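As structure tokens, the structure follows; a few thoughts come after it.
The values are calculated or read from the model by the stated rules, or taken from the named source; none is laboratory data. Only a predicted model underlies this, so the values are computations on that prediction, with no experimental measurement involved. We place every Cβ from the backbone using ideal geometry, glycine too, and count neighbours over all the protein chains shown.
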Amino acid sequence: MTLAPPPTGEVDLPQARDRAETILTQFLERKQADAATHRLPTELPEALTDFLTAGGKRLRPVLCVLGWHAAGGTAPPPRPVLQVAAALEMFHAFCLVHDDVMDASATRRGKPTVHRAFADRHAVDHSRPVADRFGTSAAILVGDFALAWTDELIHTAGLTADQLARLLPVLDAMRDEVLYGQYLDVAAGGQPTDDVERAQTIIRYKTAKYTCERPLHIGAALAGAPGPLLDELSAYALPLGEAFQLRDDLLGVFGDPHITGKSRLDDLREGKHTLLTALALRDAAPPHRNLLHRLLGSPALTEAEAAQIRSILTVTGARAHVEELIEQRRHAVLHTLDSAALVNPHVIAHLRHLADTATRRTS
């Protein structure tokens with residue numbers, strides 16, 4: 001997903017993104033220097049730095065800035081707002097590092113995941129089982145640092161007392177929602193069913209609220225947004241977040257790994273309970289349903305077996321159905337923008353541009 005070319009208007013998202021990026025970089029440089037000064041393991045902040053600089057869409061910081069402008073916040077956003085936006089990317093790193101451990105994913109953004117990178121380095125001097133346990137433990141700690149440093153970034157941002165009072169309840173809700181969503185995802189893993197409603201609930205809490213709704217709310221809350229404006233932002237964000245995750249599920253199975261930076265076997269080997277697989281299991285003929293039950297969640301799934309699954313996902317109409325749902329949500333998002341009464345009208349053009357790039361992306 002790219003922010004260029006941005007729509008015209010006074011809201012300069014590329015500049016805001018760059019400034020938030022600089023805040024993250026400088027913060028992590030200080031953490032590495034502090035660790036070195038106290039003779040503590042620098043490889044932990046270094047691993048987090050490598051992870052954060054390996055790529056990423058920076059969608060949450062961008063939406064935080066758009067929420068700020070939507071509620072009438074000044075342009076350009078002040079440093080405290082951008083530091084909160086940067087903190088959302090740090091929180092996202094926490095989620096992804098732990099998610100990769102739970103999913104046993106080998107790659108992220110075209111590189112080894114944090115736990116795999118630590119394990120591979122440790123394997124030089126230890127057996128593979130010992131190295132793997134070390135990699136998992138180290139990655140959990142890296143994720144823990146990212147979570148702790150999220151709070152540090154927020155509480156050192158220089159927010160006013162009123163801003164902090166408005167921000168913290170939204171931040172608390174976001175953390176609760178994504179962790180509950182993650183648990184629902186883990187609990188459903190390895191045993192995909194035709195439970196479409198459960199798949200939709202996972203999407204709502206693991207992705208839609210945390211990826212789109214709460215970042216917008218956080219930026220708007222910092223600008224003092226009233227409740228009705230937050231409701232309008234939710235009407236935009238929730239279907240967008242759902243479409244974003246549905247696209248992610250399709251890319252996880254049908255995408256080009258050279259473009260996505262992730263294996264297209266991981267979700268199938270994990271037996272991830274997605275709306276894509278739930279629809280296929282619901283609509284498949286008995287022989288195909290039995291094959292899906294046998295193959296989904298197999299850790300040793302081969303590419304040939306994955307091709308069989310992809311064929312079933314296609315012939316049952318599940319793949320086309322998900323594409324249709326993405327398009328329906330995109331239209332719902334655009335319809336919401338047609339009647340939105342945002343304080344800053346320039347934000348509408350950016351939100352419309354974002355809806356297109358987020359739902360039609362290839363990575």
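The table for this structure:
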quantity	calculated
Scope the range 85-134; condition in contact with a strand residue (DSSP E or B) (Cβ under 8 Å, 6 or more places away or on another chain) and under 30 Å from H69 (Cβ atoms); matching residues	L96
Helices (runs of 4 or more DSSP H) within the range 251-363 that include 2 or more residues hydrophobic (A, V, I, L, M, F, W, C), touching a Lys or Arg at 6+ places or on another chain (Cβ under 9 Å) and under 29 Å from T107 (Cα atoms)	275-283, 303-315, 318-339, 346-359
Criterion violated by D267 - all others in (1) closer than 23 Å to G55 by Cβ; (2) surrounded by fewer than 18 Cβ atoms within 10 Å (Cβ to Cβ); (3) out of contact with any strand residue (DSSP E or B) (no Cβ under 9 Å at 6 or more places or on another chain) satisfied	(2)
Odd one out for A243, checked against (1) surrounded by 22 or more Cβ atoms within 10 Å (Cβ to Cβ); (2) more than 30 Å from S339 (Cβ to Cβ)	(2)
Count of the range 187-197 residues which are in a helix (DSSP H, G or I) and surrounded by fewer than 16 Cβ atoms within 10 Å (Cβ to Cβ)	3
Selection from the range 145-169 of residues that are among the aliphatic types (A, V, I, L, M), surrounded by 19 or more Cβ atoms within 10 Å (Cβ to Cβ) and in a helix (DSSP H, G or I)	A146, L153, I154, L167
Residues being surrounded by 15 or more Cβ atoms within 10 Å (Cβ to Cβ) and either in contact with a Ser or Thr (Cβ under 7 Å, 6 or more places away or on another chain) or of a type outside the set (A, V, I, L, M) (or both) - total across the range 317-348	8
The range 36-68 - residue that is in a loop (DSSP other than H, G, I, E, B) and among the charged types (D, E, K, R) and, of those, surrounded by the fewest Cβ atoms within 10 Å (Cβ to Cβ)	R39
Residue among A33, A20, A16 that alone is more than 22 Å from H350 (Cα to Cα) and assigned to a helix (DSSP H, G or I)	A33
Boolean, I218 is β-branched (V, I, T), at pLDDT 95 or above, part of a helix (DSSP H, G or I) and over 28 Å from A307 (Cα atoms)	yes
Filter result for V130 (within 24 Å of the chain's Cα centre (by Cα) and either of a type in the set (A, V, I, L, M, F, W, C) or surrounded by 14 or more Cβ atoms within 10 Å (Cβ to Cβ) (or both))	no
Filtered residues of the range 69-120 (kept if without any contact (Cβ under 8 Å) to a residue 40 or more places away in the chain, in a helix (DSSP H, G or I) and either at positive phi or surrounded by 16 or more Cβ atoms within 10 Å (Cβ to Cβ) (or both))	H92, D100, H115, R116, A119
Checklist (1) of a type in the set (S, T, N, Q); (2) crowded, with 21+ Cβ neighbours inside 10 Å; (3) free of Cβ contacts under 8 Å to residues at least 12 places away in the same chain applied to T314, failing item	(2)
Given (1) under 24 Å from L168 (Cβ atoms); (2) within 14 Å of the chain's Cα centre (by Cα), number of the condition G55 does not satisfy	(1)
Cβ pairs under 7 Å, 6+ apart, first in the range 250-278 and at positive phi, second in a loop (DSSP other than H, G, I, E, B) and surrounded by 23 or more Cβ atoms within 10 Å (Cβ to Cβ)	G271/P192; G271/L296
Residue within the range 276-284 that is of a type in the set (V, I, T), surrounded by fewer than 22 Cβ atoms within 10 Å (Cβ to Cβ) and modelled with pLDDT of 95 or more present	no
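Okay, residues lined up against (1) within 25 Å of R198 (Cβ to Cβ); (2) more than 20 Å from the chain's Cα centre (by Cα):
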site	(1), (2)
L275	yes, no
P286	yes, yes
R294	yes, yes
E323	yes, no
S339	no, yes
